[in-house]
Amino acid sequence: MPRKVHVQTTINGETAEFLCEPRQSVLEVLRDVLYLTGAKEGCNNGNCGACSVILDGRLVNSCLVLGAELEGKSLETIEGLAEPDQLHPIQDAFLENAALQCGICTPGFIVAAKALLDQNPNPTEHEIRYWLAGNLCRCTGYDKIVRAVQDAAKTMSSEVSA
Amino acid sequence: MRAFEYVSAKTVAEATSLLYEKGDQAKPLAGGTDLIVMVRENRRQLDRMVDIKALPETNVLSYSPDTGLSLGAAVPCHEIYADDAISAAYPGLIDAAKIIGGTAIQGRASVGGNLCNASPAADTIPPLIVLGAICVIAGPNGSTREVPVEQFCTGPGQTVLENGEFLVSFKIPPPPRNSSSFYLRFIPRNEMDIAVVGAGASVVLDDTKTSFVSARIGLAAVAPTPLLAEEAGGSLAGQEVSDDAINAAAEAAQAIARPISDMRGTAEQRTHLVGVLTRRALTGAIQRVKEA
């Protein structure tokens, strides 16, 4: 059995250290080692987006990155979005628009939407739909999710200009 | 999934010796979007993954109109299409880089990995073929060699790479004057799918943009490896740009397709699609030359 790997990284702005097996994915490290269970395991092969995280500013599927690859990197997960007493505007918009039913896909959608709005604060509906094509929802359909992202974009850009 | 060792190589020489030591039980890791899934699903068993993303040589992304594009094997798709100069020079490659998986896949998946995975349906291989890309391969004891991309894949999942070798980068020549490229595929959905058939074309036109100087056509998912349709492209040299010339080239492309029937499509449908997509790829590339 290969030795465990010692990894030092940054998760949601704070230094994190962990030991993992080389074969463990970032998703497994988050959920089973660090107990950050917001990212979900859906397909475990890069199709569903339920495990979406932001790695060095770039949206990725955490099931397709090895934990050992996090050395020296910076990771953002769903747990890093809300303030202690206030949800992130994207989270509020998902609630207001009822953009979820069972909720398994929701953390992935919200993280993916944040990655989009970080680089494109005012996306068109077309851009939102293509950006989120790698996130699958099997309950509610996509219209409410797209509307939630549009609402969040409006809220966030008015907060910036205010 | 069997346990394996993970090593991030610091130099090309270290990577080749780490790979050589373990033979077919070691694989280079770039974006991992194919390799990690394959290993997890036990379609491939490994003792060691050698991460090549920390090497400067695999991260090169530099373009100049005089020397062309140097593209590191580990550069993810999103970095390629985020570069305006590269997007303008090699639009056919960008067509493919933008349709592989969704946003999260494009954040990791590399063109080099797409080639080394050697899927007959790989979207970036037809554009690499039509753009005349050369593979730069490093091997044990400091050896290097160069292979034209159309000779790199030898069968589904099989490549020319020998024990200890890995793909370091691509060299893509600068686009000639009055040239452009185009790639498209047929899928039953709008995105997030694997090509039923893919077709790429590059064309060089004369100064009046009414005749072909030369053309290249590349096909995916119609043979055990992506194909250079040499005669089809060659038939256009010196011809006037016309529907007849384009149709004849499309028929020549159909003639070399030897597709199988599987869950994505029948051999008959695929052969038909080669004709349709070759015409559209040529027309798209010609249109881009005229608009430039």
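Each value in this text was obtained by applying a stated rule to the coordinates, not by laboratory testing. These numbers come from a predicted model, not from an experiment. Please note: Cβ atoms are built from the backbone with ideal geometry, for glycine as well, and neighbour counts cover all protein chains shown.
Miscellaneous remarks
- Segments A:7-15, B:277-285 sorted - mean Cβ within 10 Å per residue, highest first: B:277-285, A:7-15
- Tensor-based shape of the stretch B:5-51 (alpha-carbon gyration tensor, a/c under 1.5 rounded, otherwise prolate or oblate): oblate
- P(r) tail for the stretch B:153-265: Cα pairs beyond 19 Å make up 56% of the total.
- The eigenvalues of the Cα gyration tensor, multiplied by 5 and square-rooted, give chain B an equivalent ellipsoid with semi-axes of 33, 21, 16 Å from largest to smallest.
- Candidates per trypsin sites (Lys or Arg not before Pro) in the stretch A:97-156, loop by DSSP, up to 11 other Cβ within 10 Å: A:138
- Alpha-carbon centroids, the stretch B:98-163 and the stretch B:229-286: separation in whole Å: 23
- Chain B: relative contact order as a whole-number percent, Cα under 8 Å and 6+ apart: 16
- In sequence order, the stretch A:125-134 has phi-based couplings of 4, 4, 4, 4, 5, 5, 4, 8, 4, x Hz under the Karplus curve 6.51 cos²θ - 1.76 cosθ + 1.60, θ = phi - 60°, and Gly or Pro positions carry x.
- Whole-angstrom Cα spans of the stretch A:5-80 along principal axes, big to small: 28, 24, 19
- For the protein assembly as shown: rounded, prolate or oblate by the Cα gyration tensor [a/c cutoff 1.5]: oblate
- Of the trypsin sites (Lys or Arg not before Pro) in the stretch A:12-96, the ones in a loop by DSSP (not H, G, I, E or B) with at most 15 other beta carbons within 10 Å are A:73.
- Charged neighbours of residue B:23, selected by a Cβ distance under 13 Å, balance to -2 (K, R count +1; D, E count -1).
- Computed from backbone phi with θ = phi - 60° and the Karplus coefficients 6.51, -1.76 and 1.60, the 3J(HN,Hα) list for the stretch B:103-113 is 3, 5, 5, 5, x, 10, 5, 10, 5, x, x Hz; x is used for glycine and proline.
- Computed [θ] at 222 nm, deg cm²/dmol, chain B (DSSP H ≥ 4; -39,500 (n - 2.57); rounded to nearest 500): -9000 deg cm²/dmol
- Global geometry of the stretch B:161-213, whether rounded, prolate or oblate, following the gyration tensor of its Cα atoms and the 1.5 cut on a/c: oblate
- Projection of the Cα convex hull of the stretch B:206-261, averaged over all directions and equal to a quarter of that hull's surface, yields 3.9 nm².
- Over 27 Å between alpha carbons, listed pairs A:4/B:171; B:22/B:98; B:53/B:171; A:114/B:98; B:98/B:171: A:4/B:171; B:22/B:98
- The residue among A:87, B:125, B:284 whose Cα reaches farthest toward the positive pole of the charge dipole of the protein assembly as shown, with charges on the beta-carbon of Lys, Arg, Asp and Glu, is B:125.
- DSSP beta bridges in the stretch B:1-103 [antiparallel fraction, %, rounded to 5]: 35
- Remark: mean inter-chain Cβ contacts per residue of A:105-116 equal 1, using a 10 Å Cβ-Cβ cutoff to other protein chain atoms.
- Among the residues of A:18-24, the average count of other protein chain beta-carbon atoms within 10 Å of the residue beta-carbon is 4.
- Inter-chain shielding of B:2-9 (mean C-beta neighbours from other protein chains, 10 Å cut-off): 5
- Binned Cα-Cα distances of the stretch A:32-162, short to long, each 10 Å bin given as a whole percent: 13, 46, 33, 8, 0
- Under the span-like rule (Cα at least 24 Å along the axis, Kyte-Doolittle mean at least -1.0), DSSP H helices of chain B: B:267-291
- The mean sequence separation of alpha-carbon pairs under 8 Å and at least six residues apart, normalised by the residue count of the stretch B:179-291, gives a relative contact order of 30 percent.
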